[in-house]
Amino acid sequence: AVASQNDWDNWIELLRAHNPADPREIDPYSDTAYEILERATGGKIRQRSPTRLLVMAAAIAALLTAVAAAAILLTRDITNLTVVCYQAVDLSSDRAAIPSSGLPAAEDCEGVWRDGTLSIEGRTPGHVPPLIACVNDRGVLAVFPTDDPQTCEQLELASPDPNPPSNELEAIANVEQDLAIYLTSESCQPLDEAEHVFRDTLDEHGLTDWTVHRQPDHPDRPCASVDYDIENKTLHLVPNIDPSS
């Protein structure tokens, strides 16, 4: 009989749950490898052919390592403050991109469903469906209208890391808010001043390990603007034109 996907998932979970050793440290010739083989086969295997035994032990060790690697790939850190809300469980469907005010979450998309920006055909606009959040390969939270826990896997996306960096994205969001206020308080903020403000703002919110990178000055671009590189912990100070000129 062909095993179903649920059977496979259950077998993988059972194997992971009963893994008594760190797969990265398994020696296929060790007592630990023998013990894993005995548990997997339900009997004693030490009387078997040494060659076959070593092959089996190495195979089990490789399998456990692969399982551990797969578990890591199933989750991913969120490294972007933008949340993309999809109208359907389809990466090509209509979507709305919105900024998060802290650690991005599925709940950030409730507003675009509530105000009718997104809606499900046949449903009255304003209906908020159940929402599932995934993370794409750029670290952006992608949110879909479904309650199916297999959604991320089906779309070949990762699930959000259940242990995200503590409050870092919230701090970045606060920096973004403060710098937005600063940059819009005047039609043109000078580059030298902005460089100091950028550095001070990062430090005030605890992001002391971030870098301010000033891009080359240009005579036609005397005003400051900002670009965020969360993955590399860098604020780019970007020279821009004077909108009032």
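The values are calculated or read from the model by the stated rules, or taken from the named source; none is laboratory data. Worth saying up front: this structure is predicted, and the values here are computed from it rather than measured. As a convention, Cβ positions derive from the backbone with ideal geometry for all residues, glycine included, and neighbour counts pool all protein chains shown. What goes into the accessible areas is simple: the full protein's heavy atoms, side chains included, and nothing from ligands, DNA or RNA. Shrake-Rupley method; radii C 1.70, N 1.55, O 1.52, S 1.80 Å.
Remark on Thr234: its backbone amide H falls under 5 Å from those of Thr211, Asp229, a criterion applied only to residues 5 or more positions apart or on other chains, H modelled at 1.01 Å from N.
Only protein atoms count toward the accessible area here, which uses a 1.4 Å probe; on the stretch 89-191, the carbon and sulfur part of that area reaches 46 percent.
Taking Glu195, Glu186, Glu121 and ordering them by how much accessible surface each has at a 1.4 Å probe, largest first, produces Glu121, Glu186, Glu195. Residues whose amide H falls under 5 Å from that of Val83, counting only those 5 or more places apart or on a different chain, are Ile98, Ser100, with hydrogens built in the peptide plane. Taking θ as phi - 60° and the Karplus parameters 6.51, -1.76 and 1.60, the scalar couplings of the stretch 173-189 work out to 4, 5, 4, 4, 5, 5, 6, 5, 5, 4, 6, 9, 6, 9, 5, 8, 8 Hz in sequence order, x denoting glycine and proline.
Accessible surface computed residue by residue for the stretch 96-245, with neighbouring protein chains in place and a 1.4 Å probe, gives 56 Å² per residue.
Excluding Val128 itself, what net charge comes from residues whose Cβ is under 13 Å from its Cβ, given Lys and Arg +1 and Asp and Glu -1? Surrounding charge for Val128 is -3. Residues whose amide H comes within less than 5 Å of that of Leu118, counting only those at least five positions distant or on another chain, are Trp113 (H built at 1.01 Å from N in the peptide plane). For Arg221, the solvent-accessible surface with a 1.4 Å probe is about 100 Å², rounded to the nearest 10.
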